[in-house]
Amino acid sequence: MPGFSMDAAAEQRFNVNLSILFTELPPLERPAAAAAAGFTAVELWWPWVDSPTPGRAERDALKKAIEDAGVRLTGLNFYAGQLPGPDRGALSIPGEESARFRANIDVAAEFAGSLGCGALNALYGNRVEGVDPAEQDELALENLVLAAHAADRIGAVLLIETLNKPESPLYPLVTAPAGIAVVDKVNEATGLGNAKFLMDLYHLSMNGEDLPSVIERYAAKTGHVQIADNPGRGAPGTGSLPLEELLGRLRKQGYEGWIGLEYKPGDRPSSEAFEWLPAEARAAR
């Protein structure tokens, strides 16, 4: 499988998403497995899918596992419903799910802050049949403003993510401009300027977007980048996306943030899904 050149890899800062990689292991064993594979930074979807407000003991156990492994937590999702599963976020869904998101805001920010995590991702949520989209968007803005203030209190950015229409047909943010528009609305409402775009190159490619153009237009508003190859959402080199070239373009546009590895390992242990990345380039510099 073709991999990144050492020169290209050395320009980037990679982290491993422990909610899609190393899932063959129990959650508390994943940080150490990432460290054993040579990585020093990790990110997570909200780890407690069924609870926006898990008990202190559960949170402390995960915090200890991350600290004991010697890795940094660099990104965390707010509560997003059943993810993986049918849900794509909770913050725009009236009623119980919105309430669960709000209950989660301070819990997620406190957990992230306790580990020095600088990015919190707020998935928008699916459209709901019978609910006016304008009502959902109004609710979303209210909740994103609350989330932006919570992120600001721990010195973090709030990320807004574009997904892809084939896999998330009810999710309204399925173009880069749609995601950027929400980023701009949140920043206008708060005056904080800490809302940023989460540029997931896999999702954008699934939407058929012109990736070099997206990078040129929106790198300055991007707070995090995630990658997987397409087709298949596998490791770089398993599909046809020119990820090395695209990440090089991002660097040229001034992006110096994290590159989250959010891909499926395929039918092999996750520890074997990193051959494309030279071992000496895995530790964040």
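For (1) surrounded by fewer than 17 Cβ atoms within 10 Å (Cβ to Cβ); (2) among the polar types (S, T, N, Q), each residue gets a yes or a no:
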site: F14; (1), (2): no, no
site: N17; (1), (2): no, yes
site: P26; (1), (2): yes, no
site: T40; (1), (2): no, yes
site: P52; (1), (2): no, no
site: R88; (1), (2): no, no
site: I93; (1), (2): no, no
site: R100; (1), (2): no, no
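Going by the conditions given, is N104 in contact with a Leu (Cβ under 7 Å, 6 or more places away or on another chain), part of a helix (DSSP H, G or I), modelled with pLDDT of 95 or more and among the polar types (S, T, N, Q)? No; evaluated as a whole, the condition is false for this residue.
Pairing each residue of the stretch 66-80 that is in contact (Cβ under 8 Å) with a residue 60 or more places away in the chain with any residue that is part of a loop (DSSP other than H, G, I, E, B) and open to solvent by 10 Å² or more (accessible area, probe 1.4 Å), provided the two are 6+ apart or on different chains, yields C-beta distances under 7 Å for R72/T40; R72/G116; T74/G118; F78/W46. Residues in the stretch 1-54 that are under 20 Å from Y255 (Cβ atoms), in a loop (DSSP other than H, G, I, E, B) and not polar (S, T, N, Q): F4, E11, F39.
For the criterion of being modelled with pLDDT of 95 or more, closer than 15 Å to A108 by Cα and of a type in the set (K, R), R59 passes.
For the stretch 117-131, the criterion of being under 18 Å from G85 (Cβ atoms), in a loop (DSSP other than H, G, I, E, B) and hydroxyl-bearing (S, T, Y) is satisfied by no residue at all.
Look through D184, D200 and report the one residue that is within 16 Å of Y263 (Cα to Cα), of a type outside the set (F, W, Y) and under 19 Å from the mean Cα position of the chain (by Cα).
Result of the check over D184, D200: D200.
The values are calculated or read from the model by the stated rules, or taken from the named source; none is laboratory data. Only a predicted model underlies this, so the values are computations on that prediction, with no experimental measurement involved. Positions of Cβ are generated from backbone atoms using ideal geometry, with glycine treated the same way; all protein chains shown enter the neighbour counts. Only protein heavy atoms, including side chains, enter the accessible area calculation; ligands, DNA and RNA are left aside. Shrake-Rupley method; radii C 1.70, N 1.55, O 1.52, S 1.80 Å.
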